[in-house]
Amino acid sequence: MAATRVLVVEDEESLATLLDYNLKREGFEVDIAGDGEEALLRVEERPPDIIILDWMLPKISGIEVCRRLRAEPETRNIPVVMLTARSEEADRVRGLDTGADDYMTKPFSTNELTARMRAVLRRIRPALAGEEVRAGDIRVDRTGHRVYRRDQEVHLGPTEFRLLDHLIQHPGRVFSREQLLNAVWGADSDVEVRTVDVHIGRLRKALTRNDESDPIRTVRSAGYSLDA
Ligand code: CA
């Protein structure tokens, strides 16, 4: 199972370095952005699984970054843990209003932060915490590599399994063909983008074998999403 990707947005270099070191040691894949503008670019390039977002940032503030992420369908569901040096209740509430999933007041321990991150991920993306994930009537048993729809086993090839496993972790989120290619075949593969369509077609066929509704939505010129 791929490591959970964290984007740390923090302009204080010493704290960014400390988080980078500690989160990597905890098994996360870490990317760092030093300001709000860079953060938004990184998210666009490669959406992370979770974002640790400092409140006070150069160029674009943490709150504004959060607001913009929440305004776009592609980034709306990425969990955000906000870091703040302020402890006033009003600010915390404002942070949560903006759409942050949790917040931490500086200074904090890395243990505390990772515990909060895991709690947020468990709440929002059960797949990262558990071995089984469901969306509607589809169930993926990640340990046994089995898929069920309405409790009937669905037989999938390994590529279709990886595709479904990726889509089901972010129900409703639209992935471009390039993003699916990177996630399923790896960024270094020389597989053509069209190949994604072929495997989506097979996945669709397998999931609708008993005349069930088609759970995969094709978004014209954008990509695919699982809307169970
Ligand atoms: Ca700061």
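The values are calculated or read from the model by the stated rules, or taken from the named source; none is laboratory data. All values reported here derive from a predicted model rather than from experimental measurement. All Cβ positions, even for glycine, are placed from backbone atoms using ideal geometry, and neighbour counts span all protein chains on display. Areas reflect the complete protein model, heavy atoms only, side chains present, ligands, DNA and RNA absent. Shrake-Rupley method; radii C 1.70, N 1.55, O 1.52, S 1.80 Å.
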222 nm mean residue ellipticity, helices alone, for the chain (DSSP H n ≥ 4; -39,500 (n - 2.57); rounded to 500): -12500 deg cm²/dmol
Relative contact order for the chain, counting Cα pairs under 8 Å that sit 6 or more residues apart, in percent: 13 percent
Surrounding net charge for D211, when Lys and Arg each add one and Asp and Glu each subtract one, Cβ distance under 14 Å: +2
Gaussian network model of the chain, springs between alpha carbon atoms under 10 Å - residue of R217, R202, R25 with greatest fluctuation: R25
Rounded to whole Hz, the Karplus (6.51, -1.76, 1.60) HN-Hα couplings of segment 29-35, x for glycine and proline: 9, 10, 10, 10, 10, x, 8
Using a Förster distance of 25 Å, the FRET efficiency for R122-L15 (Cβ separation, nearest 0.05): 0.50
Other-chain or far-sequence residues with amide H under 5 Å of V30's (modelled H): V6
Total charge dipole magnitude, the chain, about the Cα centre, Cβ charges on Lys, Arg, Asp, Glu only, Debye to nearest 20: 840 debye
Translational diffusion coefficient (Stokes-Einstein; Kirkwood radius from C-alpha pairs) of the chain at 10 °C, 1.306 mPa s, in µm²/s: 85 µm²/s
Alpha-carbon centroids, segment 11-72 and segment 100-120: separation in whole Å: 14 Å
Separation in nanometres of the label points that stand 7 Å from Cα toward Cβ, at Q152 and A71: 4.5 nm
Difference of contour (0.36 nm per residue) and Cα-Cα distance, D97 to S176: 25.5 nm
Percent accessible area from carbon and sulfur atoms, the chain, protein chains only, probe 1.4 Å: 46 percent
Å² of accessible area per residue within the chain, as computed with a 1.4 Å probe and no ligands counted: 52 Å²
For q = 0.17, 0.21, 0.24, 0.25 Å⁻¹, Debye-computed log10 I/I(0) when each Cα of segment 131-226 counts as one equal scatterer: -0.70, -1.07, -1.38, -1.48
Total charge dipole magnitude, segment 131-226, about the Cα centre, Cβ charges on Lys, Arg, Asp, Glu only, Debye to nearest 20: 260 debye
